[in-house]
Amino acid sequence: MAILETQELTYVYSPGTPFEKTAVDHVNLKIEAGEMIGVMGHTGSGKSTLIQHFNGLLRPTSGKILLDGEDIWADKKKIRDVRFKVGLVFQYPEYQIFEETVYKDIAFGPKNMGLDDAEIKRRVLETAHDIGLKEELMERSPFELSGGQKRRVAIAGVMAMEPKILILDEPTAGLDPAGRDMILGHIQAYHKRTKNTVLIVSHSMEDIAGFADKILVMNKGSLFCYDDTERVFSRAEEIAEIGLDVPQITKVFIELKKQGLDFGKDVYTMEYAKKLLLRQLSAKEVK
């Protein structure tokens, strides 16, 4: 059974007014436990509206969201519990930091779950390690840290609640390439340790091409595709047509195909491209 499912999920902003807009339109999908999923779409595609339904920040105009098979809106009193199970990290989360120390900021969520001090400490230190924060930083003010460290503190605060599903909205926005790779690497480490479901929202296919099990693409409020990563990248030209930028290496192989060198449609990482080229060169040497 899917850990998260939407059934005909629809959301309309400002219904019955001149500003009425359908942001999510009859979306049906099933997300399995333990998957790492990339969520993509151009600005205004509906991807951010979609993910805000997953933990009950938005209530559907129509349709359902099922968490472990249960409608999250069946009992409004339980929606707080849903937000502990489905953690959402907004874009630029470092602006939400407010506690006196790094430790207290990461501990805020677990504390509100009513956990004891020992369990809170375990979660804080374990999560800090996952996200690359040294233990000696725990008693420092988060406002003394670098921008990248602040972001990791904010992400750790949601991770420490140990949600079954962790959703990160553009976690690398505004970071330089080194900072981007660091954040993504730490998210991968968290996923590997916990085996929890992780969704990463991004404009950049380059960011998620190397590690996403599946990719969900939104377009004009509808689900354009949701499939295994390689199958999604086999539709690279279609994806480019809806305004998404495919990885540079994919563009190179599309051009090679136009020149008569067809390596297939699913080249989306440098490592895979390297293997294909070496295989081709080896075959020519044998001849």
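Structure summary
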{"read-out": "Count - residues of the range 63-95 that are surrounded by 15 or more Cβ atoms within 10 Å (Cβ to Cβ) and under 15 Å from Val158 (Cβ atoms)", "value": "12"}
{"read-out": "Residues within the range 187-242 that are part of a helix (DSSP H, G or I), touching a strand residue (DSSP E or B) at 6+ places or on another chain (Cβ under 9 Å) and surrounded by fewer than 19 Cβ atoms within 10 Å (Cβ to Cβ), tallied", "value": "5"}
{"read-out": "Conditions (1) surrounded by fewer than 15 Cβ atoms within 10 Å (Cβ to Cβ); (2) closer than 22 Å to Ala33 by Cα; (3) modelled with pLDDT of 95 or more: number failed by Gly56", "value": "(1)"}
{"read-out": "Members of the range 107-138 that are buried (at least 17 other Cβ atoms within 10 Å of the Cβ) and either among the β-branched types (Val, Ile, Thr) or not in a helix (DSSP H, G or I) (or both)", "value": "Leu115, Ile120, Val124, Thr127, Ile131, Leu133, Met138"}
{"read-out": "Qualifying residue in the range 46-53 (condition: surrounded by 19 or more Cβ atoms within 10 Å (Cβ to Cβ), under 18 Å from Leu199 (Cα atoms) and more than 16 Å from the chain's Cα centre (by Cα))", "value": "no"}
{"read-out": "Segments classed as strands (runs of 3 or more DSSP E), wholly inside the range 1-75, with at least 3 members that are among the β-branched types (Val, Ile, Thr)", "value": "4-13, 21-31"}
{"read-out": "Filter result (buried (at least 21 other Cβ atoms within 10 Å of the Cβ), out of contact with any His (no Cβ under 9 Å at 6 or more places or on another chain) and not basic (Lys, Arg)) within the range 145-155", "value": "Val153, Ala154"}
{"read-out": "Flag for Asp207 being within 13 Å of Pro93 (Cβ to Cβ) and either under 12 Å from the mean Cα position of the chain (by Cα) or polar (S, T, N, Q) (or both)", "value": "no"}
{"read-out": "Any hit, the range 145-165, residues being more than 30 Å from Asp68 (Cβ to Cβ), part of a loop (DSSP other than H, G, I, E, B), within 15 Å of the chain's Cα centre (by Cα) and modelled with pLDDT under 95", "value": "no"}
{"read-out": "Neighbours by Cβ (under 8 Å, 6+ apart or cross-chain): first from the range 200-227, under 23 Å from Tyr190 (Cβ atoms); second part of a loop (DSSP other than H, G, I, E, B) and hydrophobic (A, V, I, L, M, F, W, C)", "value": "Ile200/Ala212; His203/Leu244; Met205/Leu244; Met205/Val246"}
{"read-out": "Cross-chain or 6+ apart pairs with Cβ under 8 Å, the range 174-192 first and farther than 23 Å from Glu126 by Cα, then among the hydrophobic types (A, V, I, L, M, F, W, C) and surrounded by 14 or more Cβ atoms within 10 Å (Cβ to Cβ)", "value": "Leu175/Ile183"}
{"read-out": "Of the criteria (1) assigned to a helix (DSSP H, G or I); (2) modelled with pLDDT of 95 or more; (3) not small (Gly, Ala, Ser), which one Lys78 fails", "value": "(2)"}
{"read-out": "Test result for Glu170, on the phi > 0 side of the Ramachandran plot and at pLDDT 80 or above", "value": "yes"}
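The values are calculated or read from the model by the stated rules, or taken from the named source; none is laboratory data. Model, not experiment: these values are computed from the prediction. Neighbour counts run over all protein chains shown; Cβ positions are idealised from the backbone, glycine included.
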